[in-house]
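For reference, the structure discussed in these notes is given below.
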Amino acid sequence: MKSQNPSFFTRVRNRVKHGYFPWLLVSPAFTYLTGIGLIPFFFVIALSFMDYSLAYVYLPRVFVGFKNFRMLVFDEWLWHALRITFTFTALAVGLELLIGLVLAIITTGNIRGKTIWRSLLLIPMVVSPIVVGLIWLQMLNPDFGVITYFLHQLGFFTGTGPTIESSTALLTTVLVDVWHWTPFVMLILGAGILSLPVEPYEAALVDGASSWQVFRHVTLPLLTPVITVVLLLRTMDALRIFDEVWILTGGGPGSVTRYSVIHAYRISLAQFNIGYGATISLFLFFITLVLCSFFFNVLRGRR
């Protein structure tokens, strides 16, 4: 008669499936995320209630309550930074969505060599933001930049460059961001187009709809959830842009490109006011959270 006791391997399998072993497997990743995410986040919250300066590190941190938050309300530089940040975000994300949608339609259509074209168009996306800033810094250099050279030949920016003139600095940073991230928008929207069902298109062709009518009444409504996700991701990134702009303009000329993250950087690491800088960072996080909630509600409403 066989024993009713489970075998050794059965006991091990049950232990792995229902015991602590799965938690043991994810514990390194959980520890890593806690160390680089949660702990710094709560530390920033604590700093936002303190008066702490890197210029006087030997002095103790002083709890000041909501003083930093009151300063934030009356900080004209912050509200100026938010205005130009939202302007930059609207222009950059809008152009990226428009151009990315056109490129997605083209690269998913019946064109010769579309795989090659798609691969070439994706190159800017894989370049790191710092390298992008350095590349465009050289091309827009007023003395030897290749783009500035042709602009000089056309009679523009005589003796200067697009990043030096206050009237064009913001638009220049917008165009650099469009060049960098339009391939990302094209990739996501292209994947969305390829995943659309074919039945609505077949019905539209039977009804004799034109190409524009098919796009307006079939493709665009079906693609709306994907467009919303793209807008969410790109808006979050655009609101916290730093690397390219800091390399290209340093927030100048004057304060034309002093976006919100650059303002927080200058307060924290140029003026060494860590407490107030932490308060600004929390405020920017709150704005991003509100925008994320808005986009999620839009997606939920579409469903």
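A short reminder: the numbers here are calculations on the coordinates, not readings from a lab. Bear in mind the structure is a predicted one, so any value in this text is a computation, not a measurement. A quick note on method: Cβ atoms are made from the backbone with ideal geometry, for glycine too, and the neighbour counts reach across all protein chains shown.
By the scheme Lys and Arg +1, Asp and Glu -1, what is the net charge of all other residues having a beta-carbon under 11 Å from that of Asp51? Write out the running numbers ahead of the final one.
Numbers: positive: Arg61, Lys67; negative: none.
Summing Lys/Arg as +1 and Asp/Glu as -1 gives +2.
Rounded to the nearest 500, what is the 222 nm mean residue ellipticity of the chain from helices alone, with -39500 (n - 2.57) per DSSP H run of 4+ residues and division by all residues? The partial results should precede the final answer.
Numbers: 15 runs with 198 residues, N = 303.
That comes out to -21000 deg cm²/dmol.
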**Item:** Ranked packing of 80-89, 142-151, most packed first, by mean Cβ within 10 Å
**Value:** 80-89, 142-151
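Based on the alpha-carbon gyration tensor of region 67-202 and its eigenvalue square roots a ≥ b ≥ c, which shape applies: rounded if a/c is under 1.5, prolate if not and a/b is larger than b/c, or oblate? Display every interim value, and only then the final one.
Numbers: a/c = 2.68, a/b = 1.37, b/c = 1.96.
Oblate.
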**Asked** For the peptides 63-74, 246-257, what is the packing order when you average, over each peptide's residues, the other Cβ atoms within 10 Å and list the highest mean first?
**Response** 246-257, 63-74
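Classify region 70-302 from the C-alpha gyration tensor, please: rounded if a/c falls under 1.5, else prolate or oblate depending on whether a/b exceeds b/c. Can you show the working numbers first?
Working: a/c = 2.65, a/b = 1.44, b/c = 1.85.
Here region 70-302 falls in the oblate category.
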**Complete:** In nanometres, the difference between 0.36 nm per residue of separation and the alpha-carbon distance of Ile99 and Val126 is 7.9 nm
**Asked** How much length is gained on full extension from Phe294 to Tyr149, taking 0.36 nm per residue of separation minus their Cα-Cα distance?
**Response** 47.8 nm
**Request:** Take the alpha-carbon centre of region 223-272, take the same for region 20-42, and report the distance between them in whole Å.
**Result:** 29 Å
**Request:** Give me the distance in nm between label points sitting 7 Å out from Cα along the Cα-to-Cβ direction at Val229 and Val206, one decimal.
**Result:** 3.0 nm
**Message:** Could you order the peptides 157-166, 49-58, 258-267, 33-42 from most to least packed, using the average number of other C-beta atoms within 10 Å per residue?
**Reply:** 258-267, 157-166, 49-58, 33-42
**Message:** Checking the a/c ratio against 1.5 first, then a/b against b/c, what shape does the Cα gyration tensor give for region 226-303?
**Reply:** oblate
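Below 11 angstrom from the Cβ of Thr107, what's the summed charge of the other residues (Lys, Arg +1; Asp, Glu -1)?
Values: positive: Lys114, Arg118; negative: none.
It works out to a net charge of +2.
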**Complete:** By the DSSP-based rule, helices of the chain that are at least 18 Å long along the axis (C-alpha) and have a mean Kyte score of at least -0.5 are 21-33, 76-107, 169-194, 220-239, 274-302
**Complete:** The answer for the net charge of residues other than Thr172 whose Cβ lies under 14 angstrom from its Cβ, with Lys and Arg +1 and Asp and Glu -1, is -3
